[in-house]
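Single-structure report; data block below.
The values are calculated or read from the model by the stated rules, or taken from the named source; none is laboratory data. Not measured: the values here are computed from a predicted model. Here Cβ is always computed from backbone atoms with ideal geometry, including for glycine, and neighbour counts include all displayed protein chains.
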Amino acid sequence: MAESIEVKVPDIGDYNDIPVIEIHVKAGDTVSVEQSLITLESDKASMDVPSPASGTVKELKVKLGDKVSMGSVIMIMDADASVSSSPKKEEPAPVSQPVVPAAPTPPPKPNPPQPIQSSAPVSPSDIGKAVSHASPSVRKFARELGVDVSKVKGSANKGRVTKEDVQKYVKSVMSGETSTGSSSGVGLDLLPWPKIDFTKFGEIERKPLSRIQKISAANLSRNWIVIPSVTYHEDADITDLENFRVQTNKQNEKSGVKITMLAFMVKASVAALKKFPEFNSSLDGDELVLKKYFHIGFAADTPNGLVVPVVKNADKKGVLELAEEISSLAKLAREGKLKPDQMQGASFTISSLGGIGGTAFSPIINAPEVAILGVSKAAIKPVWNGKEFIPRLICPLSLTADHRVIDGAVGTRFNVYLAELLSDFRRVVL
Ligand code: COA
């Protein structure tokens, strides 16, 4: 029969009012004798309070940060009768007492705390995790390596995890023999993709993905999952720029070179990249690779899928030259004739859906770049000039940036600056 006992802090020497820095169990957990229940930390040492018996945790009496001394009640547990009737219980029990003294047998003697030299800070995610049998120093070692010790199989007495067990576990994960699973917070423990027989619901047709679609899918998925990205939205007043574009196109009608808004976007982006160099960079481990060249990729919609041709050295080209190059690269893209080097080396990408529509979207960063500019369809909007609403041509900009490199303030400054350049293009040459 289970016996309800109070688990108290055992004799921990001269220490008083020691904070609880880790709680390894929660109400309802089954624990074994000697299993670590909580960890205390004084200014000199950390120590585990092991379970005096096997049984079930009924109620926690402490929370993280609470200060305890010898004799403080840390939890109520239902101790297994088999253990409470073990020879151990014959000894006096200074720190745990039965809550309901139904049985005349004294409660089991708690084991002494296990000190270690120092401790790592407590992570709230540690609370309530499955707890394995390991000494504080081994758990600290595992924590430093980012290992969830509950995943490690213990080889010592009573399944205790040793330092060598942790090392072996790390080796097997690195070699791919073992998967870390999801409860460690590392890796994606995704559900399997749903397998559905669609014919049960109606007629279907199966069409294989194109080669480009398959390559894009793999790249987009990786970039979507790996990059902590944020999209910043801004409106650019392109009324004057559009008038200038239309006028220039009229003048150049005979030459056949037509300027689209994209060429201006490329030119303005280069100016903004020069002002905010971290946007023209890539992350490489702990280093940021800042590029001194300005190769601008642009997403092109083709019958075979999305491709990204690259305009090299866009900073050295005028708007007319950029327009011409964009047009010929887009043509090659649609015909599936782009050469590999015409799709390589981009340091920043623009995805323009303005010719189609939309008011905003969140483009996915083309790794290892750190930002991408999305452009939606410009439309006439009423803008307040201080006295009245006037009709202006407003173009929505959606800039997605990698938050590991670009903070929100910088992301917004880039967007605001870009919008300023587009609203008064003379600034580009300043
Ligand atoms: N607002 C309003 N109109 C716009 C515009 C904008 N932001 N951008 C372009 N337009 C207009 C153009 O002026 C043009 O009009 P016009 O013929 O009257 O002059 C029309 O839309 C078509 O332009 P388009 O041929 O698309 O040229 P472009 O230089 O703007 O774009 C490509 C070229 C290659 C980028 C484009 O054809 C394309 O493929 N876009 C899709 C990109 C994509 O799929 N992105 C998503 C990736 S997931």
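Computed quantities for the displayed model
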| quantity | calculated |
| --- | --- |
| Test for LYS331: is it away from the ligand (no atom under 11 Å from the Cβ), basic (Lys, Arg) and not in a loop (DSSP other than H, G, I, E, B) | no |
| Residue count, region 173-202 (criterion: more than 21 Å from LYS140 (Cβ to Cβ) and either at pLDDT below 75 or not in a loop (DSSP other than H, G, I, E, B) (or both)) | 11 |
| Yes/no for SER328 being out of contact with any Pro (no Cβ under 7 Å at 6 or more places or on another chain) and surrounded by 20 or more Cβ atoms within 10 Å (Cβ to Cβ) | no |
| Hits in region 11-26 - residues which are within 18 Å of GLY65 (Cα to Cα) and not hydroxyl-bearing (Ser, Thr, Tyr) | ILE12, ASN16, ASP17, ILE18, PRO19, VAL20, ILE21, GLU22, ILE23, HIS24, VAL25, LYS26 |
| Residues within region 345-357 that are more than 9 Å from the ligand (Cβ to nearest atom) and touching a Ser or Thr at 6+ places or on another chain (Cβ under 9 Å), tallied | 2 |
| Selection count, region 219-258, where residues are acidic (Asp, Glu), within 13 Å of the ligand (Cβ to nearest atom) and in contact with a strand residue (DSSP E or B) (Cβ under 8 Å, 6 or more places away or on another chain) | 3 |
| Single condition LEU399 does not satisfy, out of (1) over 30 Å from GLU287 (Cα atoms); (2) in contact with a Phe, Trp or Tyr (Cβ under 8 Å, 6 or more places away or on another chain) | (1) |
| One residue from ILE380, ILE364 being near the ligand (Cβ under 9 Å from one of its atoms), in the same structural domain as PRO396 (by TED's automatic domain parsing) and among the aliphatic types (A, V, I, L, M) | ILE364 |
| Selected residue [in contact (Cβ under 8 Å) with a residue 24 or more places away in the chain, within 22 Å of ASN157 (Cβ to Cβ), surrounded by 13 or more Cβ atoms within 10 Å (Cβ to Cβ) and under 31 Å from the mean Cα position of the chain (by Cα)] from VAL25, VAL33, VAL20 | VAL25 |
| Failed condition for GLU287, given (1) out of contact with any Gly (no Cβ under 9 Å at 6 or more places or on another chain); (2) farther than 30 Å from THR359 by Cβ; (3) not assigned by TED's automatic domain parsing to the domain that holds GLU420 | (3) |
| Within region 1-116, strands (runs of 3 or more DSSP E) holding 2 or more residues that are modelled with pLDDT under 80 | 46-50, 114-116 |
| Some residue of region 231-254 being within 31 Å of the chain's Cα centre (by Cα) and over 19 Å from GLY355 (Cα atoms) | yes |
| Strands (runs of 3 or more DSSP E) (entirely within region 363-416) containing at least 2 residues that are surrounded by 16 or more Cβ atoms within 10 Å (Cβ to Cβ) and of a type in the set (S, T, N, Q) | 389-402 |
| Residues of region 300-323 that turn out to be within 13 Å of the ligand (Cβ to nearest atom), of a type in the set (A, V, I, L, M) and surrounded by fewer than 19 Cβ atoms within 10 Å (Cβ to Cβ), as a count | 2 |
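Residues checked against (1) touching a Leu at 6+ places or on another chain (Cβ under 9 Å); (2) among the basic types (Lys, Arg); (3) not in a helix (DSSP H, G or I):
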{"position": "ASP315", "(1), (2), (3)": "yes, no, no"}
{"position": "GLU324", "(1), (2), (3)": "no, no, no"}
{"position": "SER327", "(1), (2), (3)": "no, no, no"}
{"position": "GLY336", "(1), (2), (3)": "no, no, yes"}
{"position": "ALA346", "(1), (2), (3)": "no, no, yes"}
{"position": "THR349", "(1), (2), (3)": "yes, no, yes"}
